[in-house]
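The values are calculated or read from the model by the stated rules, or taken from the named source; none is laboratory data. Predicted model only: the values in this text are computed from it and were never measured. All Cβ positions, glycine included, derive from the backbone under ideal geometry; neighbour counts span all protein chains shown.
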Amino acid sequence: MVAAGRAVVDPAAAARAAGPTAAGAAPLLRFDAVSIRLGGREILSPTSFEVRRGEFVCIVGASGCGKTTLLRTASALVAPTAGRVLRHGVPITQPAREIAFVFQDYGRALLPWRTVEGNVRLALEAAHVPAAEHAARAAEVLAKVGLAAHAQKFPLQLSGGMQQRVQIARCLAQQPELMLMDEPFGALDAMTRQGLQDELARLVRDDGLTVIFVTHDLEEAIYLGDRVVALQANPGPGRPSLARMIDVPIPRPRDQLTTREHPEFVRLRRELFTFIEEGHG
């Protein structure tokens, strides 16, 4: 097991560092020496690590280091140049209902001509859920994200934070076991962002979800994550993409004020900030 704050510079060691899953079960997800080349340039050097069921893993790193591209390999939106991504030991080769993707641009992710309920029903239609079940399923997930009273509104009638909740509700309607989130709160104001962080933490706890969450916000990564995966840009010999795997041993539930004042939170923030700053050098 990786001790908090220890650097991991070898991909094979990174996989071992993820530690055993509960009761010795196989990991939910495994990145197995995944590398990606685009336009003749290596975006991601061979990267290996595991994600346990029920774990919240955040991915950070400088712009252009491959965070989003790595996330997309887990949903088959991007195929690795080499290596594999496995779910329950089976290579992922096509999108699956059990894997939901929350995009950063909620405005483009929602259909403006459909109501809030209609956008949630879209996931049920795609999953071929019987139409007779749509209303109850949509009402259930909208209640979970606090939008029950807004079911018949259209996206443009909602604030940015509420639109992002609709996208999350639509993903929850799939009943996924894994949720991939690409900077979902990046365009929101600070107060709305913190509120959605706490809502997401509650949903993860209540629904037993596994989450991989990409963010540029180091404090957000520490606040939400059980572990933080730090990637560095310009990989190559002696400079692997996966530079650090950091445990976040801060108790849950977490609080926006007291958690951010916790000595371990402050220490981890300093370590990650130094890492990102050095990566720009």
Leu257 in contact (Cβ under 8 Å) with a residue 12 or more places away in the chain and either surrounded by 16 or more Cβ atoms within 10 Å (Cβ to Cβ) or out of contact with any Lys or Arg (no Cβ under 7 Å at 6 or more places or on another chain) (or both): no
Yes/no for Pro80 being over 15 Å from the mean Cα position of the chain (by Cα), within 13 Å of Pro176 (Cβ to Cβ) and in contact (Cβ under 8 Å) with a residue 12 or more places away in the chain: no
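Yes or no, residue by residue, for (1) touching a residue at least 60 places away in the same chain (Cβ under 8 Å); (2) under 14 Å from the mean Cα position of the chain (by Cα); (3) surrounded by 23 or more Cβ atoms within 10 Å (Cβ to Cβ):
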| site | (1), (2), (3) |
| --- | --- |
| Arg37 | no, no, no |
| Arg41 | no, no, no |
| Thr47 | yes, no, yes |
| Cys58 | yes, yes, yes |
| Gly64 | yes, no, no |
Verdict on Gly107 being under 24 Å from the mean Cα position of the chain (by Cα), outside any helix (DSSP H, G or I) and under 21 Å from Glu199 (Cβ atoms): no
Condition broken by Gln157, with the remaining ones in (1) polar (S, T, N, Q); (2) at pLDDT below 95; (3) on the phi < 0 side of the Ramachandran plot satisfied: (2)
Exclusive hit being out of contact with any Phe, Trp or Tyr (no Cβ under 9 Å at 6 or more places or on another chain), more than 26 Å from Phe213 (Cα to Cα), in a helix (DSSP H, G or I) and not assigned by TED's automatic domain parsing to the domain that holds His216, set Ala143, Ala138, Ala123, Ala149: Ala149
Which numbered condition Val85 misses (of (1) surrounded by 13 or more Cβ atoms within 10 Å (Cβ to Cβ); (2) part of a loop (DSSP other than H, G, I, E, B); (3) assigned by TED's automatic domain parsing to the domain that holds Ile250): (2)
Hits in the range 111-123 - residues which are modelled with pLDDT of 95 or more, crowded, with 19+ Cβ neighbours inside 10 Å and hydrophobic (A, V, I, L, M, F, W, C): Val116, Val120
Residue that is nearest to Cys171 (Cα to Cα), among those in the range 110-120 that are of a type in the set (A, V, I, L, M, F, W, C) and in a loop (DSSP other than H, G, I, E, B): Leu110
Some residue of the range 55-67 being part of a loop (DSSP other than H, G, I, E, B) and modelled with pLDDT of 95 or more: yes
Filter pass, Arg165 being in contact with a Gly (Cβ under 9 Å, 6 or more places away or on another chain), within 30 Å of Pro27 (Cα to Cα), surrounded by 14 or more Cβ atoms within 10 Å (Cβ to Cβ) and without any contact (Cβ under 8 Å) to a residue 60 or more places away in the chain: yes
Checking Phe213 against (1) in contact (Cβ under 8 Å) with a residue 24 or more places away in the chain; (2) outside the structural domain of Val85 (by TED's automatic domain parsing), the condition it does not meet: (2)
Residue pairs meeting the criteria (Cβ under 8 Å; at least 6 apart or on separate chains; first within 25 Å of Gly161 (Cα to Cα), in the range 121-143; second loosely packed, with under 14 Cβ neighbours inside 10 Å): Leu122/Leu111; Leu124/Glu133; His134/Glu125
